[in-house]
1. Using alpha carbon centroids, what distance separates region 147-192 and region 84-145, in Å?
2. So how much slack lies between Leu76 and Arg36, counting 0.36 nm per residue of separation and subtracting their Cα-Cα distance, in nm?
3. With θ set to phi - 60°, apply the Karplus curve 6.51 cos²θ - 1.76 cosθ + 1.60 along region 38-54 and write out the HN-Hα couplings as whole Hz, x wherever there is a Gly or Pro.
4. Sort 77-85, 179-187 by the packing proxy (mean of other Cβ within 10 Å over each peptide's residues), most packed first.
5. Full-extension gain between Leu56 and Trp276, please, as 0.36 nm times their residue separation minus the C-alpha to C-alpha distance.
6. Angle between the Cα long axis of helix 83-97 and the longest principal axis of the chain, 0 to 90 degrees, nearest 10?
7. Have a look at Val254, Val26, Val300 and tell me which one the Gaussian network model of the chain (Cα, springs below 10 Å) gives the largest fluctuation.
8. Just to confirm the number: angle between the C-alpha axis of helix 144-164 and the first principal axis of the chain, 0 to 90 degrees, nearest 10?
Amino acid sequence: MGNAHALDARVRFLTEFARRLHNAGVSSQRLEGAIRATARALRLECEAWSTPTGLLLSLTDTDALLGSQQTRVLRLEPGHVDLGALAALDRIGEEVLAGRLDIDGAWAAMLALDRPMTRARRLRTITAFGVASTAVAGLLGTSWLDLAVACVIGLVIGWISVRSGEHPDLDAANEAVSALVATTLATLFGHFVAPIAVQTVVVSALIVLMPGLMLTTAMTELATQQLSSGSARAAGALTVLLKLTFGSIAATQVLGAIGWTVPTPVPSTLPVAVEWVAAVLAAASFATLFQAARRDVPLVMASALAGYVITRVTGAWFADGSAVFAGGVFFASLAMAALANLYGRWSGRPGSLVRLPGIMLLVPGSVGFRALGMVMARDYTMGLETLIAVLSALLALTAGLLFGALLVPPRRHL
């Protein structure tokens with residue numbers, strides 16, 4: 001009975017550890033590697049199979065000559081990046097691997113990570129949506145009025161997203177509803193108040209919902225032979241893009257039929273300093289949206305800014321309009337992947353704290369949204385050219401991440 005009880009405790013801990021890593025947004029290849037490494041420290045033989053919506057674990061006690069096999073099947077919702085939880089789980093895993101923490105202590109440490117959605121946390125999330133929307137509008141080089149409108153609409157989209165987390169029916173339609181609301185508000189403002197660049201404002205307001213990181217993760221999983229997970233995640237990302245595009249196109253056509261159109265705004269330029277202020281604001285919003293721990297906020301912001309700067313510098317080498325290779329994206333993702341692994345080796349902490357923020361300003365989610373919008377508006381030539389640009393950026397980003405990991409191998413899997 002004692003051995004059986006000890007085995008059940010180890011299996012129970014590993015299952016909960018895997019579930020929490022999945023919910024923290026860890027990609028399949030990294031998740032399965034972390035599970036196997038932790039299982040070996042617990043004297044378990046583990047076969048893991050991960051998808052965006054589930055986990056399958058087959059576990060055997062290595063201490064027993066003819067140990068019985070236990071199987072755990074978990075049906076899960078797709079995880080969202082939570083750098084705070086990821087760093088804490090990595091620390092718990094390290095303590096278990098080193099033998100400094102037993103099963104009971106590790107279980108208690110994991111339960112201590114549970115945080116309720118407080119009013120202050122909701123307000124921070126909604127504010128981060130508005131800041132991110134303002135920052136992206138600044139990076140796109142639009143006008144001061146567009147920045148202000150994007151900020152307000154971004155706050156509205158943030159409120160809808162927070163509410164959707166508490167209402168399953170709204171959550172399923174969150175992207176379509178958000179796109180419809182954003183396009184409607186932008187068009188109404190442009191028609192009744194003052195002309196604005198509607199498409200730029202809408203893209204900026206919806207930027208947090210764009211599945212650019214999901215597309216990048218899917219391509220990386222496919223490249224590392226995680227075919228089931230990569231295919232499912234790519235389908236999920238495409239579905240999100242389609243919902244966003246449908247909501248925006250539907251609002252545009254209905255408002256156009258009513259006669260609420262937006263005149264072409266007078267072209268304007270912002271000071272050069274606005275771009276760099278916007279990059280800092282974007283980095284700060286990522287730290288909040290990724291739920292980074294307070295101690296990691298400067299690291300997350302510095303990583304996001306470093307990725308953006310490297311892209312700008314190296315992208316100038318491939319500025320020729322005939323170039324198909326997204327060189328700036330490739331070198332930036334390669335550098336951030338290598339730096340992330342160097343940080344992980346030096347600090348003994350997850351490289352994801354550097355890698356994920358470092359590529360956030362590189363992922364092509366907004367470009368994919370524009371491409372699908374052109375296709376649905378029957379502008380097939382521009383839509384196809386833009387889709388090719390999305391594919392080029394995705395390939396360059398994925399290749400950079402893989403080559404970066406080859407250049408500097410990771411400390412562990414996270």
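The numbers here are math on the coordinates, done by the rules we state, and not lab data. If you're wondering where the values come from, they're calculated on a predicted model, not measured in any experiment. Please note: Cβ atoms are built from the backbone with ideal geometry, for glycine as well, and neighbour counts cover all protein chains shown.
1. 23 Å
2. On the way: separation 40, 0.36 × 40 = 14.40 nm, distance 1.94 nm.
Extending this stretch completely gives an extra 12.5 nm.
3. Coupling constants for region 38-54: 5, 4, 4, 5, 8, 6, 10, 9, 10, 10, 10, 9, 10, 9, x, 10, x Hz.
4. Values: 77-85: 18.1, 179-187: 23.8.
Taking the mean over residues of other Cβ atoms within 10 Å, the ranking is 179-187, 77-85.
5. Working: separation 220, 0.36 × 220 = 79.20 nm, distance 4.49 nm.
Extra length from Leu56 to Trp276 when fully extended: 74.7 nm.
6. Its long axis makes an angle of about 20 degrees.
7. In the Gaussian network model the winner is Val254.
8. The answer is roughly 40 degrees.
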